[in-house]
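Asks: Here you go, one structure.
The values are calculated or read from the model by the stated rules, or taken from the named source; none is laboratory data. Computed from a predicted structure; not experimentally measured. Reconstructed Cβ throughout: ideal geometry from the backbone, glycine too, with neighbour counts over all protein chains shown.
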């Protein structure tokens, strides 16, 4: 009987589905991919400051936002001469038709209010011009001297609201600043904002430093340094400037990198002709060996969830990439292409592993999925090496060295950044030659 | 309880229903669950947006056999295309005049016609109704009439009639010549009528007027594959996608577009709101797809949606909502 009731109800339900009407549907496959056109008019000003001075600050903020968004390659700020509307205040409603007329897809409206001579309140609104919708609005109060960082944060917010991913403008880059002749190269640790501003040297250059890496909390940098001709892994505290050697290992240690939670350090140690991967708990200083092979296992990098590690090894005869669990088990080779693979780095968003590839006498920067599929080379050169991810996993930064000149003098080394799609490669301007960059986490997430 | 008993008493004459209802009462939780399921299925499947609208007759591809086309007096053309009363009358009178002129020539009555072109002395003599028709014809046809006259290839009937009339005074006795003149008159009359009709009537009207099932008729033909492709291609050109968004390879964005009768976009809603609210990458791609709809809409006459009022104006109910499925990577990024 229950079956009958069920059957009757089912039949009745199916009968009702007859009311459902077929809707005309159209498939759109593929799209164009161009920078998004954005209107960024001057921010209006008010408050306890001469109008000209306030306008100057507002202009500088707009310039930084424009520079950030443009450098990402995803946005194109429209020429301000074409704007048909200017805003007198943050409450002014946009004339969407006017912005549509110049093909602006998004509009950033802002206002700077001088609460006092040293304190400013910045208000910003982001509009979808075609949908005539406000996408984002925010107000922040900052010290007047902090206008640059505030501008980066606004650019990050715009980036995040449009792309759906965290921005990377409020970040810093640590790198190796190189000076001097080829045979007596001085390599110092240096740090700067991601746009090249606020540059400073962290070490004096007496000892050679290599492979700097940020800790997730941005307070420390780990790197390898030759002290008395012995390579060791060090920790550098950014705020205090203090540096300390990590552990007392019998052999040389190198290629350090923090775990995603910042509590562990993973590195390689070479001893008795073997190089294996070790993990050190920074809280307890307990060391654990993760690989045991007669080959060279190096360049370890954690997955963002900390459960897996990618590294390169020549255990198969040539340098290839391998993935293993964080405890050293389930080692699996993931690269099978021609040539050699090195310096793997797991993307912060987990979807790619970036690497350096050497094949046919050329160097490449590439990405592949963590299971080894979908290898894609996105930069190529005489020498391109050491990729590092932006904190949102969208941009890859690396260094490029020009070929030597006729006299055999090595070419200059420069830092470049490229979008993961392979487009929008741009050079990061540094005061001296630069190599081995490392990208910090987002400062505002600290 | 009493109500329940009397209800059962009535049902006892129908054993199946009686047992079904009895079992239903015995298994209330299951029945309640089934009813809830049924309600859920109903909610999921019923299209509330069109509940108050008349059901559109859905007819598959309709092939018009030209040999079977019936020219009807009543037309199912959309209001915009229905000729005004005066215009209709004009067309009718054009046909009548062509026929009547030919008939007049056939009957060879030169003595009843005046000497001027198209003068319809014969009609004047026939009846008051025809006279009215001719007056209307003269009013409405005066301007176009001159055009065929000047054209070398088309001989206005008036001339032939005139000639016939002129000759008719002395040569009406020659039946062969009369016949030839009549045939000329018919030919030129028809030519005149055709030329005139073509000049006056919009080609679209000629094609669609009164043809049951023809374009613009009461049944909407299925949107052709090429038309669908055209809409898809135009939307693709409007869709500016950030190709590096996380997970973009596996995304499918569905947007329901609500169109006005003139093909402009009334609203565009992103479906799958749960994912939209939870997944910022999905939201980004979905918003770019919605923006594509609006950008295309702003292209005015080049909007992909303009094809609907243009070709399917009568079937507004079938295209007033569209489901657009945006698939970022099947077709590649251009």
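Asks: Can you confirm whether residue A:6 is modelled with pLDDT under 95, facing another protein chain (nearest Cβ under 10 Å) and closer than 30 Å to residue B:271 by Cα?
Replies: No.
Asks: Limited to region A:119-145, what total is found for residues that are part of a helix (DSSP H, G or I) and either buried (at least 16 other Cβ atoms within 10 Å of the Cβ) or within 14 Å of chain B (Cβ to nearest Cβ) (or both)?
Replies: Step one: filter region A:119-145 for residues part of a helix (DSSP H, G or I), giving A:144-145.
From what is left, the residues that are either buried (at least 16 other Cβ atoms within 10 Å of the Cβ) or within 14 Å of chain B (Cβ to nearest Cβ) (or both) are A:144.
Final tally of qualifying residues: 1.
Asks: Please tell me if residue A:47 is modelled with pLDDT of 80 or more and facing chain B (nearest Cβ under 7 Å). Let's see the steps before the verdict.
Replies: Details: modelled with pLDDT of 80 or more: yes; facing chain B (nearest Cβ under 7 Å): no.
So residue A:47 does not fit the description; no.
Conditions tested, residue by residue: (1) part of a strand (DSSP E or B); (2) modelled with pLDDT of 90 or more; (3) touching a strand residue (DSSP E or B) at 6+ places or on another chain (Cβ under 8 Å).
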residue: A:188; (1), (2), (3): yes, yes, yes
residue: A:192; (1), (2), (3): yes, yes, yes
residue: A:218; (1), (2), (3): no, no, yes
residue: A:225; (1), (2), (3): yes, no, yes
residue: A:232; (1), (2), (3): yes, no, yes
residue: A:239; (1), (2), (3): no, no, no
residue: A:247; (1), (2), (3): no, no, yes
residue: A:257; (1), (2), (3): yes, yes, yes
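Asks: While we're here: Do we have residue A:363 as farther than 30 Å from residue A:185 by Cβ and in contact (Cβ under 8 Å) with a residue 12 or more places away in the chain here?
Replies: Values: farther than 30 Å from residue A:185 by Cβ: no; in contact (Cβ under 8 Å) with a residue 12 or more places away in the chain: yes.
When the stated conditions are applied, residue A:363 does not pass them.
Asks: Pick from region B:278-312 the residues that are surrounded by fewer than 15 Cβ atoms within 10 Å (Cβ to Cβ), closer than 19 Å to residue B:239 by Cα and free of Cβ contacts under 8 Å to residues at least 12 places away in the same chain: which of them is farthest from the other protein chains (Cβ to nearest Cβ)?
Replies: Restricting attention to region B:278-312, the residues satisfying the condition of being surrounded by fewer than 15 Cβ atoms within 10 Å (Cβ to Cβ) are B:278, B:299-302, B:310.
Subsequent filtering for residues that are closer than 19 Å to residue B:239 by Cα retains B:299-302.
Those still in the list that are free of Cβ contacts under 8 Å to residues at least 12 places away in the same chain too: B:300-301.
Values: B:300: 12, B:301: 16 Å.
Here the residue is B:301.
Asks: Something else now. Residue B:275 - would you say it is more than 11 Å from chain A (Cβ to nearest Cβ), touching a helix residue (DSSP H, G or I) at 6+ places or on another chain (Cβ under 9 Å) and within 30 Å of residue A:352 (Cβ to Cβ)? Working first, answer last.
Replies: Working: more than 11 Å from chain A (Cβ to nearest Cβ): yes; touching a helix residue (DSSP H, G or I) at 6+ places or on another chain (Cβ under 9 Å): yes; within 30 Å of residue A:352 (Cβ to Cβ): yes.
The answer is yes for residue B:275.
Asks: When region B:230-245 is examined, which residues are found to be assigned to a helix (DSSP H, G or I) and within 7 Å of chain A (Cβ to nearest Cβ)?
Replies: So in region B:230-245, the residues assigned to a helix (DSSP H, G or I) come out as B:230-238.
Hits for region B:230-245 are B:231, B:232, B:235, B:236, B:237.
Asks: How many residues does region A:80-117 contain that are away from chain B (no Cβ under 14 Å) and in contact with a strand residue (DSSP E or B) (Cβ under 6 Å, 6 or more places away or on another chain)? If you could, list the steps in order and put the result at the bottom.
Replies: Residues of region A:80-117 that are away from chain B (no Cβ under 14 Å), as a first pass: A:80-95, A:108-117.
Filter again for in contact with a strand residue (DSSP E or B) (Cβ under 6 Å, 6 or more places away or on another chain), leaving A:87-90, A:94, A:108-115.
Residues flagged as away from chain B (no Cβ under 14 Å) and in contact with a strand residue (DSSP E or B) (Cβ under 6 Å, 6 or more places away or on another chain) within region A:80-117 amount to 13.
Asks: Condition first: touching a residue at least 24 places away in the same chain (Cβ under 8 Å) and either farther than 8 Å from residue A:348 by Cβ or part of a strand (DSSP E or B) (or both). Now tell me which residues in region A:391-402 satisfy that. Can you show your working first?
Replies: Taking region A:391-402 as the starting set, the residues that turn out to be touching a residue at least 24 places away in the same chain (Cβ under 8 Å) are A:391-399, A:401.
Matches in region A:391-402: A:394, A:395, A:396, A:397, A:398, A:399, A:401.
Asks: Can you find a residue in region B:258-267 that is touching a helix residue (DSSP H, G or I) at 6+ places or on another chain (Cβ under 8 Å) and either within 8 Å of chain A (Cβ to nearest Cβ) or touching a residue at least 60 places away in the same chain (Cβ under 8 Å) (or both)?
Replies: So the first thing to find is which residues in region B:258-267 are touching a helix residue (DSSP H, G or I) at 6+ places or on another chain (Cβ under 8 Å), and the list is B:259, B:261-265.
Pick out the ones that are also either within 8 Å of chain A (Cβ to nearest Cβ) or touching a residue at least 60 places away in the same chain (Cβ under 8 Å) (or both) and you get B:259.
Yes, that holds for at least one residue.
Asks: For region A:205-216, what are the residues that are in contact with a strand residue (DSSP E or B) (Cβ under 7 Å, 6 or more places away or on another chain) and either farther than 22 Å from residue A:386 by Cα or not in a strand (DSSP E or B) (or both)? Give the steps one after another, and end with the answer.
Replies: So in region A:205-216, the residues in contact with a strand residue (DSSP E or B) (Cβ under 7 Å, 6 or more places away or on another chain) come out as A:205, A:207-216.
Residues satisfying the conditions are A:205, A:207, A:208, A:215, A:216.
Asks: Among the listed residues A:28, A:61, A:77, A:65, which satisfies the condition of being surrounded by 18 or more Cβ atoms within 10 Å (Cβ to Cβ), within 10 Å of chain B (Cβ to nearest Cβ), touching a helix residue (DSSP H, G or I) at 6+ places or on another chain (Cβ under 8 Å) and modelled with pLDDT of 90 or more?
Replies: Unique residue meeting the criteria: A:28.
Asks: Let me ask something additional. Among the residues of region A:367-379, is there at least one that is on the phi > 0 side of the Ramachandran plot and assigned by TED's automatic domain parsing to the domain that holds residue A:213?
Replies: If we filter region A:367-379 for residues that are on the phi > 0 side of the Ramachandran plot, which is where we start, we get A:372, A:374.
Pick out the ones that are also assigned by TED's automatic domain parsing to the domain that holds residue A:213 and you get A:372, A:374.
Yes, region A:367-379 contains at least one residue that is on the phi > 0 side of the Ramachandran plot and assigned by TED's automatic domain parsing to the domain that holds residue A:213.
Condition check ((1) under 17 Å from residue B:242 (Cβ atoms); (2) surrounded by fewer than 21 Cβ atoms within 10 Å (Cβ to Cβ)) across all residues:
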position: A:371; (1), (2): no, yes
position: A:378; (1), (2): yes, yes
position: A:382; (1), (2): no, yes
position: A:403; (1), (2): no, yes
position: A:406; (1), (2): no, yes
position: A:410; (1), (2): no, yes
position: A:414; (1), (2): no, yes
position: A:417; (1), (2): yes, no
position: A:440; (1), (2): no, no
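Table: residues versus (1) under 21 Å from the mean Cα position of the chain (by Cα); (2) surrounded by 13 or more Cβ atoms within 10 Å (Cβ to Cβ).
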position: A:171; (1), (2): yes, yes
position: A:191; (1), (2): yes, yes
position: A:198; (1), (2): yes, no
position: A:211; (1), (2): yes, yes
position: A:239; (1), (2): no, no
position: A:249; (1), (2): no, yes
